[in-house]
1. Using 1/(1 + (r/R0)^6) with R0 = 22 angstrom and r between the beta carbons of residue 65 and residue 349, what's the FRET efficiency to the nearest 0.05?
2. To the nearest 10 degrees, how steep is helix 145-164 against the longest Cα principal axis of the chain, on a 0 to 90 scale?
3. Where does helix 36-48 land angle-wise versus the long Cα axis of the chain, in degrees 0 to 90, nearest 10?
4. Out of 284, 223, 72, any idea which swings most in a Gaussian network model of the chain, alpha carbons joined below 10 Å?
5. Give the peptides 251-259, 52-60, 40-48 in descending order of average Cβ contacts within 10 Å, highest first.
6. Sort 206, 14 so that the residue with the fewest other Cβ atoms within 10 Å of its own Cβ comes first and the one with the most comes last.
7. For residue 79 and residue 174 in the same chain, what is the full-extension length gain: residue separation times 0.36 nm, less their Cα-Cα distance, in nm?
8. Stretched out fully, how many nm does the piece from residue 236 to residue 19 gain, at 0.36 nm a residue minus the Cα gap?
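Coordinate-derived values only; no laboratory data. Just so we're clear, the structure is a prediction, and the values are computed from it rather than from any experiment. Reconstructed Cβ throughout: ideal geometry from the backbone, glycine too, with neighbour counts over all protein chains shown.
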Ligand SMILES: Nc1ncnc2c1ncn2[C@@H]1O[C@H](COP(=O)(O)OP(=O)(O)OP(=O)(O)O)[C@@H](O)[C@H]1O
Ligand SMILES: [Mg+2]
């Protein structure tokens with residue numbers, strides 16, 4: 001899968017961008033604050049309809065403009081023309097000239113995986129981020145998973161709202177409990193089944209970037225060890241005090257260990273960064289395996305945070321990703337990548353909101 005053309009109008013610091021991209025490895029070079037990340041953000045936006053910076057549409061409109069336009073030609077099994085226009089009062093999204101009605105039909109036209117500095121939170125941050133990583137991957141590969149997750153979350157919220165009442169109605173509580181148990185068990189089943197498929201890929205990516213110096217281990221730890229219904233019943237007394245649902249897959253953990261220790265507490269920044277890269281690499285490879293085409297890789301500021309040996313370890317992973325007809329976009333402030341990459345890459349210069357071949 002590759003992005004053959006990107007068009008932007010009034011997007012961030014781009015008044016106008018119109019660029020064609022061949023499959024392969026693209027490097028976006030430029031000084032700070034020139035618009036490198038903005039290009040990746042636009043590609044990710046067309047892929048997921050979200051910014052990876054976690055901001056809303058209004059922030060992406062170029063200062064002083066009314067709305068932004070982002071368009072792409074995507075070459076996958078066929079060719080698709082995506083157009084997105086976003087203004088505070090008007091939103092339009094079309095594929096091949098037809099308005100998009102169902103989000104589930106849209107997602108998947110342009111698949112991408114982003115590697116950015118915020119990924120460090122996957123290792124350092126709360127369990128929620130790691131659950132989201134699992135959920136996102138399952139939502140992108142298992143039909144029906146997203147719907148299941150949304151239904152579980154709704155049942156959980158209703159149950160928690162009920163627990164906040166002075167005297168929760170027993171029959172109502174029971175009905176939410178039954179629903180949560182049924183949906184929750186299915187979530188745990190899907191998460192459990194995913195792990196053996198991605199853990200080896202994560203381990204291999206980690207070993208390759210770190211050059212095999214550490215023992216890395218990833219395990220899925222469901223909050224419910226035995227029977228969910230029994231565990232919920234057991235926690236009723238504590239629930240009365242805490243007024244919230246204390247067990248269930250919303251408390252699951254993805255445990256990351258390095259040399260037997262918890263990575264968040266033990267690993268160095270570079271090791272944490274390497275784990276984050278390995279998680280994202282596994283996401284890309286799993287998507288590639290399930291859908292038969294590699295997603296577009298968007299790599300923001302990653303090289304600068306790794307030492308030369310780790311940079312050299314990462315390159316073959318990226319090259320493997322684009323060799324099968326895929327595409328990689330990588331931003332850099334300086335040419336600090338290993339020279340092996342030199343022959344195959346396409347260079348772009350980013351300067352004050354202008355992207356030009358370099
Ligand atoms: N809505 C907007 N309208 C106009 N300019 C914007 C808008 N949002 C961000 N910018 C500007 O875009 C510029 C480039 O941002 P970007 O994050 O892409 O830089 P970068 O090249 O990735 O830099 P760095 O190397 O520091 O990461 C910044 O100067 C920022 O102020
Ligand atoms: Mg940037």
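1. 0.35
2. 50 degrees
3. It is inclined by approximately 50 degrees.
4. In the Gaussian network model the winner is 223.
5. 40-48, 251-259, 52-60
6. Final ranking by Cβ density, sparse to dense: 14, 206.
7. Extending this stretch completely gives an extra 29.2 nm.
8. Here the segment from residue 236 to residue 19 would lengthen by 72.2 nm.
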